[in-house]
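The structure appears below as structure tokens.
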Amino acid sequence: MNKKELMNAILEDKTVSHLTKKDAEALINTCLDTIKKTVKKGEDVSLIGFGTFTKAKRAARMGVNPSTGEKIKIKAKTLPKFKPGKAWKEML
């Protein structure tokens, strides 16, 4: 499912039938932007029953270039991380 399909699914829901396409798109964009900004600041975003978005640090490490076999240094970096909630894991 892509963003447009998600927007259409929201619009098909009877509980939010008053929303326009523009409203639904703005709602999705605002939610995603808020999650990204909050995690960037180092705060977790927990959506009970869905999961938790966090900021995780990956340590520097040694890797291997697969084409040459040469060892290379991989720099440390910070990445977004998602942990699904218990209810979602049980559903799957």
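Listed cross-link partners 3/36; 36/83; 4/81; 40/81; 37/81 are compared with a 20 Å cut-off, the Cα-Cα value being larger for 4/81.
Helix 21-40 axis versus longest C-alpha principal axis of the chain: approximately 30°, rounded to the nearest ten.
The angle between the Cα long axis of helix 3-12 and the longest principal axis of the Cα atoms of the chain comes to about 30 degrees, rounded to the nearest 10.
Dipole magnitude of the range 1-43 about its Cα centre, charges +1 at Lys/Arg Cβ and -1 at Asp/Glu Cβ only, in debye to the nearest 20?
Using Cβ point charges on Lys, Arg, Asp and Glu, the range 1-43 gives about 220 debye.
Taking amide H atoms as placed 1.01 Å from N in the peptide plane, the amide H of residue 85 lies under 5 Å from those of 50, 51, 52, each 5 or more residues away in sequence or on another chain. Evaluated over the Cα positions of the chain, the convex hull gives a direction-averaged projected area, one quarter of its surface, of 9.3 nm².
All other residues with a Cβ under 11 Å from the Cβ of residue 44 taken together, and with Lys, Arg as +1 and Asp, Glu as -1, what is their net charge?
+3
Every number in this text was worked out from the coordinates using simple rules, so none of it is lab data. These numbers come from a predicted model, not from an experiment. Note that we place each Cβ from the backbone using ideal geometry, even for glycine, and neighbour counts take in every protein chain shown.
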